[in-house]
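In what follows, a single structure is set out as structure tokens and then discussed.
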Amino acid sequence: MGHQRLEPAKRPQAPETSPHRRAGHRQRWLEFKQSISRPEAILLGVIIWAIAFGFWEGIVALHWVNPLFMPPPHKVVSGLYELLAKEGFLFDIGISIYRITVSFALASVIAIPLGILMGSFRRVEALINPLVSAWRYLPAPSFIPLLLMWFGTGEGQKLALLFIGVIWFLITIIMDHVKNVRAELIETSLTLGGSRRQILWTVVIPASMPHIVTAMRQMLAVSWTYLVIAEIVAATTGIGAMMMRAKRFLHVENIMAGIIVIGLLGLLFDYLFRVAHRALFPYIEERES
């Protein structure tokens, strides 16, 4: 009888399953780090706004609040239309956008190079950071009396207040982002014989620039929060000035319309920054997707 070779028994193959099933759970509506489609994101955003405005309309209709001091959404929309169509509110909006963009551009021109130098060189940080840190804790509105004496009631006072409101925080955030540039990149550049200027321009700045743009986007939102404060003092134009005029005549719907316009403008500028970030640094989006 010849010897027969015994073949090892084959294990039964487990049926292929999705990653979620292999992990022991099915796809749920709430998942950590779950990506969603753009139409779904837009739909969810519309839903939350519909809920908010529906609740607002409901509490006024049920007389839970006094409609004189909190008019319903449809009255606010009607007031906004009157402002735009008959009272030249578009001019006020343009003036406010001008003040925000000019003051923020001036703050960025100073904050970006200072933050980069402070984040790159410890001696520069040791020299400047004590001053910057102290100014961060001083509330910008407390400077209004001084600014009125220095610049009068013109545009200079308003631009200066908006400038002071963001520059110190912007410097600090940029410095922190530059500090987080990987040390291996700088060490490798030094090993290859790069000078300080070459490393600063070709390594540090390109590596930190995506985060710097994000910091500018975040601080621009803070600038919008100071807008009304800057425009309620001796101002005749701007969204804040319109709101103060409406206060004198108890036109609460116009005040709330101004608040909504500031929020919408903030969202628009935030969206423009996100579009610019994707256009300037497409590799960031590809790496995170």
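The values are calculated or read from the model by the stated rules, or taken from the named source; none is laboratory data. Nothing here was measured: the structure is a model prediction, and the numbers come from that model. Reconstructed Cβ throughout: ideal geometry from the backbone, glycine too, with neighbour counts over all protein chains shown.
Against the conditions (1) of a type in the set (A, V, I, L, M, F, W, C); (2) part of a helix (DSSP H, G or I); (3) over 26 Å from Gly156 (Cα atoms), Leu250 satisfies every one except (2).
Conditions tested, residue by residue: (1) within 29 Å of Phe273 (Cα to Cα); (2) modelled with pLDDT under 90.
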{"site": "Arg123", "(1), (2)": "no, no"}
{"site": "Pro130", "(1), (2)": "no, no"}
{"site": "Pro139", "(1), (2)": "yes, yes"}
{"site": "Thr153", "(1), (2)": "no, yes"}
{"site": "Arg182", "(1), (2)": "yes, yes"}
{"site": "Leu192", "(1), (2)": "no, yes"}
{"site": "Ala207", "(1), (2)": "yes, no"}
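Of all the listed residues (Val181, Val203), the sole one being surrounded by 15 or more Cβ atoms within 10 Å (Cβ to Cβ), outside any helix (DSSP H, G or I) and among the hydrophobic types (A, V, I, L, M, F, W, C) is Val181.
Candidates Gly194, Gly240: the one that is assigned to a helix (DSSP H, G or I) and either of a type in the set (Gly, Ala, Ser) or not assigned by TED's automatic domain parsing to the domain that holds Ile116 (or both) is Gly240.
Residue pairs whose Cβ atoms lie under 6 Å apart, sitting 6 or more positions apart in sequence or on different chains, and linking a residue in region 239-264 that is closer than 15 Å to Tyr81 by Cα to a partner that is of a type in the set (D, E, K, R), are Ile239/Asp92; Met242/Asp92; Glu253/Lys75. Where residues in region 127-151 are of a type in the set (Phe, Trp, Tyr) and over 26 Å from the mean Cα position of the chain (by Cα), which of them is farthest from Ala234 (Cα to Cα)? Ranking the candidates gives Trp150 first.
Just one of the listed residues (Ala241, Ala221, Ala215, Ala257) is within 25 Å of the chain's Cα centre (by Cα), surrounded by 13 or more Cβ atoms within 10 Å (Cβ to Cβ), small (Gly, Ala, Ser) and farther than 28 Å from Pro73 by Cα, and it is Ala215. Let me confirm something: among Ile229, Ile255, Ile259, Ile212, which residue is on the phi < 0 side of the Ramachandran plot, in a helix (DSSP H, G or I) and in contact with a Lys or Arg (Cβ under 8 Å, 6 or more places away or on another chain)? That would be Ile255, the only listed residue that is on the phi < 0 side of the Ramachandran plot, in a helix (DSSP H, G or I) and in contact with a Lys or Arg (Cβ under 8 Å, 6 or more places away or on another chain).
Return yes when Leu80 is touching an Asp or Glu at 6+ places or on another chain (Cβ under 9 Å) and either among the polar types (S, T, N, Q) or under 24 Å from Gln218 (Cβ atoms) (or both) and no when it is not. So Leu80 fails the test. Checked against (1) in contact (Cβ under 8 Å) with a residue 12 or more places away in the chain; (2) touching a Leu at 6+ places or on another chain (Cβ under 7 Å), Pro72 passes all but a single condition, namely (2).
The residues in region 260-272 that are buried (at least 17 other Cβ atoms within 10 Å of the Cβ) and farther than 15 Å from Pro73 by Cβ can be counted, and the count is 4. Number of residues in region 109-159 that are β-branched (Val, Ile, Thr) and more than 21 Å from Pro210 (Cα to Cα) equals 5.
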